[in-house]
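What follows is a single structure, written as structure tokens, with notes after it.
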Amino acid sequence: MIKALRLNAADNVATLLEDAGKGETVLVISEQNESLGELKLLQAIPFGNKVALRPMNPEDHLIKGGVAVGKAIKPVPQGQLAHVQNIRSLNLDIPEVMINEIITQMEIEVD
Amino acid sequence: MQTFRGYQRADGSVGIRNLIMIIAADECAEGIARAISEKTPGSVVVTNYNTCMYGGNEEMIGTMINAATNPNIAGALVINMGCGSIAPDLVAGPIRATGRPVETLTCIKESGTVSTIREGLKRIAAIVDHANATEMVDAPISKLFVGIKCGGSDTSSGIASNPSVGLAADKLIDMGASAVAGELLELLGCEHILKERAVTPEVFEKIEQLISDEEKRWHVEGTQVETMSVGNSIGGLTTIEEKSLGALAKTGSKPIQDILRINAKKLEKPDVPGMYLSETTMLCGGSAMHFAALGCQVILWTTGGAGFNNPIVPVIRVSGNSQLINEDIDIDATGIMRGEDSLENVSEEILKTLAGVINGEKTAIEDFGYAYCSLIQKDQRVERLLSIPAE
């Protein structure tokens with residue numbers, strides 16, 4: 001089964017260790033390789049990208065590695081890709097034109 | 001790894017390579033520099049592609065001079081065209097002061113390109129003889145200064161290659177060596193961690209100030225800023241803070257002794273062994289020139305993407321991205337991404353490879369291609385407009 005790595009117990013996202021398709025179930029593991037349970041993906045998530053382990057509301061922090069590294073700009077349900085289409089920097093954003101380019105190149109499903 | 005076998009320089013430093021630098025002080029002299037280099041094995045060309053004028057470009061010229069006094073450099077030949085402002089002695093003087101042999105040539109005075117090349121080949125022969133006669137010594141590991149850089153970062157950088165290099169850096173510091181990382185904009189959002197690691201509140205204040213200067217440099221109100229590349233994002237990084245935390249991981253966990261400034265007025269060097277931050281640019285090619293100027297003999301470079309090489313400072317490549325693993329990569333950290341290998345193992349692999357490289361083994365791509373060694377970073381005129389002081 002495709003694995004997703006959760007780096008810290010406080011994290012609300014896990015990182016996909018392989019490409020996974022929409023509707024696929026992934027195994028969430030801890031840094032010590034312990035199983036933390038399974039999760040169904042609401043959309044395709046490529047290798048290295050993050051899946052929401054818990055739902056986030058707008059302004060909620062995205063926590064990775066135990067640290068807030070962004071905030072939600074729209075509701076992010078559990079199992080959704082947490083990336084440029086629904087997360088923004090806490091400090092300094094990249095230009096909107098680049099965000100659109102990333103969404104296009106990655107073929108991200110935007111609701 | 002208590003000692004390494006290297007080239008003893010007159011200024012007390014020890015190089016892991018024995019190279020001769022040919023400096024084209026202005027871009028018009030580049031063809032001449034290349035022609036001489038082609039016939040001089042072990043030479044590297046550094047060209048100032050920016051301008052033949054001095055004003056505004058002091059930081060870049062200072063970087064060139066300091067790169068020529070890197071421990072890996074035995075001596076230098078400085079060439080200019082002769083109609084610009086950068087007199088060769090301006091560059092050669094400080095290099096000569098470190099006890100390295102230096103020759104200068106001005107094309108116009110030498111009656112043109114062909115005769116300058118002829119004369120350059122004659123003069124460089126003496127420098128080659130000096131390099132060949134340089135004594136090799138067993139140097140203590142305290143003479144080793146390692147540059148640490150990440151590039152083409154993706155999600156694997158933060159999870160596998162950066163923390164492995166960070167752990168290797170911690171071990172190097174414990175052995176008594178020094179290491180330095182740069183790219184201050186990519187420490188944005190890490191201030192709370194850096195505050196804990198700075199050896200004094202003054203060092204932390206300096207870190208905070210220089211990160212904010214770098215933010216000013218890259219983000220001018222009303223303009224767009226690229227804190228990360230499209231490649232970074234497709235690789236899985238969403239925000240600058242996420243990239244920053246991954247980037248910080250490569251610096252390990254040891255106390256940060258200081259942040260070394262690189263600007264028009266000064267280029268700071270470490271005074272006690274340990275872990276340092278610096279103002280080296282986040283742009284890979286230019287950063288190698290900064291690392292060379294700081295005096296690093298070797299660079300550990302983590303990557304999720306493609307990469308640069310540098311002829312002055314050998315680059316050891318570490319990657320955790322399985323799509324990238326080919327013969328260019330020195331250290332394969334992909335096992336960590338599969339949950340099959342540990343940071344501990346990979347950090348030991350890094351130290352083993354590093355020990356080889358500082359004792360003369362070539363990195364995977366050491367002999368291939370060349371870096372231009374050009375650097376356009378802090379134009380003093382722009383710095384002034386941004387109210388960034390050079391002191």
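Does any residue of the range B:216-223 turn out to be within 21 Å of the chain's Cα centre (by Cα), open to solvent by 10 Å² or more (accessible area, probe 1.4 Å) and facing chain A (nearest Cβ under 9 Å)? Please lay out each step first, then the result.
Kept after step one, since they are within 21 Å of the chain's Cα centre (by Cα), are these residues of the range B:216-223: B:217-218.
With the extra rule that they be open to solvent by 10 Å² or more (accessible area, probe 1.4 Å), the set shrinks to B:217-218.
From what's left, facing chain A (nearest Cβ under 9 Å): B:218.
Looking through the range B:216-223, at least one residue is within 21 Å of the chain's Cα centre (by Cα), open to solvent by 10 Å² or more (accessible area, probe 1.4 Å) and facing chain A (nearest Cβ under 9 Å).
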Subset of the range B:8-23 (residues that are within 19 Å of the chain's Cα centre (by Cα) and outside any loop (DSSP other than H, G, I, E, B)): B:V14, B:G15, B:L19, B:I20, B:M21, B:I22, B:I23
Pairs needed: first member in the range B:214-226, without any contact (Cβ under 8 Å) to a residue 12 or more places away in the chain and farther than 16 Å from B:I388 by Cβ; second member anywhere, among the aliphatic types (A, V, I, L, M) and open to solvent by 80 Å² or more (accessible area, probe 1.4 Å); C-beta distance under 8 Å; at least 6 residues apart or different chains. B:Q224/A:V97
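With respect to B:I211, determine if the residue is assigned to a helix (DSSP H, G or I) and closer than 25 Å to B:A160 by Cβ. Show your work before the answer.
Numbers: assigned to a helix (DSSP H, G or I): yes; closer than 25 Å to B:A160 by Cβ: no.
No; evaluated as a whole, the condition is false for this residue.
Determine whether the range A:71-78 contains at least one residue that is on the phi < 0 side of the Ramachandran plot and touching a residue at least 60 places away in the same chain (Cβ under 8 Å). Quick ask: steps written out before the conclusion?
First, pick out the residues of the range A:71-78 that are on the phi < 0 side of the Ramachandran plot: A:71-78.
Within this subset, residues satisfying the condition of being touching a residue at least 60 places away in the same chain (Cβ under 8 Å) are none.
There is no residue in the range A:71-78 that is on the phi < 0 side of the Ramachandran plot and touching a residue at least 60 places away in the same chain (Cβ under 8 Å).
Which ranges mark the strands (runs of 3 or more DSSP E) fully within the range B:64-150 that have 2 or more residues being open to solvent by 10 Å² or more (accessible area, probe 1.4 Å)? Quick ask: steps written out before the conclusion?
Working: elements: B:73-80, B:102-106, B:136-140.
The strands (runs of 3 or more DSSP E) meeting that bar are B:102-106, B:136-140.
Scan A:Q78, A:Q85 and give me the residue that is in contact with a helix residue (DSSP H, G or I) (Cβ under 6 Å, 6 or more places away or on another chain) and more than 9 Å from chain B (Cβ to nearest Cβ). Can you show your working first?
Working: A:Q78 fails: in contact with a helix residue (DSSP H, G or I) (Cβ under 6 Å, 6 or more places away or on another chain).
Answer to the selection: A:Q85.
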Quick check on my filter: what residues within the range B:341-385 are at pLDDT 85 or above, among the hydroxyl-bearing types (S, T, Y) and assigned to a loop (DSSP other than H, G, I, E, B)? B:S342, B:T363
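Any idea which residue in the range B:226-265 is farthest from A:H83 (Cα to Cα), counting only those that are facing chain A (nearest Cβ under 7 Å) and not in a loop (DSSP other than H, G, I, E, B)? Can you show your working first?
Taking the range B:226-265 and keeping what is facing chain A (nearest Cβ under 7 Å), we get B:226-228, B:230, B:233-236, B:238-242, B:245.
Going one step further and asking which of them are not in a loop (DSSP other than H, G, I, E, B), we end up with B:230, B:233-234, B:240-242, B:245.
Working: B:V230: 13, B:S233: 8, B:I234: 10, B:I240: 12, B:E241: 13, B:E242: 11, B:L245: 16 Å.
Per the stated criteria, the residue is B:L245.
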So is B:M275 open to solvent by less than 10 Å² (accessible area, probe 1.4 Å) and in contact with a Pro (Cβ under 9 Å, 6 or more places away or on another chain) or not? yes
Just checking, which of B:A92, B:A76, B:A67, B:A97 is more than 25 Å from B:V114 (Cα to Cα) and under 21 Å from the mean Cα position of the chain (by Cα)? B:A67
How about the range B:337-360: which of its residues are touching a residue at least 60 places away in the same chain (Cβ under 8 Å) and in contact with a Gly (Cβ under 6 Å, 6 or more places away or on another chain)? B:M337
Residue set A:A68, A:A44, A:A9; condition aliphatic (A, V, I, L, M) and facing chain B (nearest Cβ under 8 Å); output residue A:A68
For B:Q209, work out the one condition from (1) open to solvent by 10 Å² or more (accessible area, probe 1.4 Å); (2) in contact with a Phe, Trp or Tyr (Cβ under 8 Å, 6 or more places away or on another chain) it doesn't fulfil. (2)
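The values are calculated or read from the model by the stated rules, or taken from the named source; none is laboratory data. All figures in this text were calculated on a predicted structure; none of them were measured in a lab. So basically every Cβ, Gly included, is an ideal-geometry build from the backbone, and we count neighbours across all protein chains shown. Surface areas here come from the heavy atoms of the whole protein model, side chains and all, with no ligands, DNA or RNA. Shrake-Rupley method; radii C 1.70, N 1.55, O 1.52, S 1.80 Å.
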